[in-house]
Each structure stands twice: as C-alpha cells, then as structure tokens.
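The values are calculated or read from the model by the stated rules, or taken from the named source; none is laboratory data. Just so it is clear, the model here is predicted, and its values are computed rather than measured. Every residue, glycine as well, gets a Cβ built from its backbone with ideal geometry; the counts of neighbours run over all protein chains shown. Quick note on the areas: whole protein, heavy atoms, side chains included, nothing else; ligands and nucleic acids left out. Shrake-Rupley method; radii C 1.70, N 1.55, O 1.52, S 1.80 Å.
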Amino acid sequence: MTNTTAPSSSASLGLLVLRVVVGLIFVAHGAQKIFEYTLPGTIGSFADMGVPLPEIAAPFVAFVELIGGAMLALGLFTRPVGILLAIDMIVAIVAVHLPAGLWVGEGGYEFVAVLGVAALALAFTGAGRFSIDGAVLRGRAPAWLV
C-alpha cells in the first residue's frame, strides 16, 4: 500500500515549519557532538553519564542527530527518521535527564521531551506536501516510509 493522500496546504505549511525548526536543532546538536566536542570527547561524556557502550552509542547518536536532522528538515524519509530521533530522545531522557527533573536549567528533560515528541508527531503525520517525501515519493513509496 502506498500513501497517495496529502495533507491540506495549511497543515503542510505547519508541518514544514515544525520539520525545519526541529530538524535544524537536531543538526546543531549532532554537529556539536562531532565537531565541537569531537567524537572522542562525546564518547567520554557518554561514558561519564553511564550510557552503555559509549564507543558505539556516541557516534551513532551524533550521526543520527546530524544526518537525521537534515533529512527531517528536508522531509526525506520523515517517518522512519522521526522514529529514530524520538528513540534517541527517549534514551536521553531515561539515561541522563530524568533524575534531574523537568527543568532544562537544572539538566532536566523538558527540552529533550519536546524534541522527542515533535519527532514522534512527524513520524505519525509524515512530512506534508512541502517536502521531498511529498514532492517525489508520495504515491511511489510505502505509506510507512513517507
């Protein structure tokens, strides 16, 4: 079954704004882990936070955020990318932010939760008309993909 229906123009515009902003925030966080902190620094940080298998988890998370964020902003394979980014944020909440409570200023999970829920919402809705998924893949790819 392929996805041949598209949301209205106004709904697609809302999805575009959400996708671009959330996607670029993920890009920034992935770039920060790779280029500012460096991968060895990010691995060390993950190890210090008690993240299991930091040598695998840190580069995986960094590249999922960098590449996945760009794909989300473009609206390319939005549904699976949204799921990956939502899982990334769930793990971050459970492994790091939950013990600090809600407030981001105290290391809490409020910002991470908003990013995760936004990514999950995009996984549920798809990218909308104003996206690569909508322009190129709609009607040609399975509904779960676009």
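Brief remarks on what is shown
- In the set (1) among the aliphatic types (A, V, I, L, M); (2) open to solvent by 20 Å² or more (accessible area, probe 1.4 Å); (3) more than 21 Å from residue 145 (Cβ to Cβ), the condition left unmet by residue 62 is number (2).
- In this entry, residue 84 passes the filter for residues that are in contact with a Gly (Cβ under 7 Å, 6 or more places away or on another chain) and open to solvent by 40 Å² or more (accessible area, probe 1.4 Å).
- When residues of the range 96-110 are limited to those that are free of Cβ contacts under 8 Å to residues at least 40 places away in the same chain, in a helix (DSSP H, G or I) and closer than 22 Å to residue 54 by Cβ, the one most open to solvent (accessible area, probe 1.4 Å): 99
- Residue ID - farthest from residue 146 (Cα to Cα), chosen from residues in the range 39-57 that are modelled with pLDDT of 95 or more and open to solvent by 60 Å² or more (accessible area, probe 1.4 Å): 48
- Within the range 133-144, being open to solvent by 70 Å² or more (accessible area, probe 1.4 Å) and not basic (Lys, Arg) holds for 135, 136, 144.
- Of all residues making up the range 113-135, the number that are within 16 Å of residue 72 (Cβ to Cβ) and assigned to a helix (DSSP H, G or I): 16
- All told, residue 130 falls short of being open to solvent by 80 Å² or more (accessible area, probe 1.4 Å) and either over 28 Å from residue 11 (Cα atoms) or without any contact (Cβ under 8 Å) to a residue 60 or more places away in the chain (or both).
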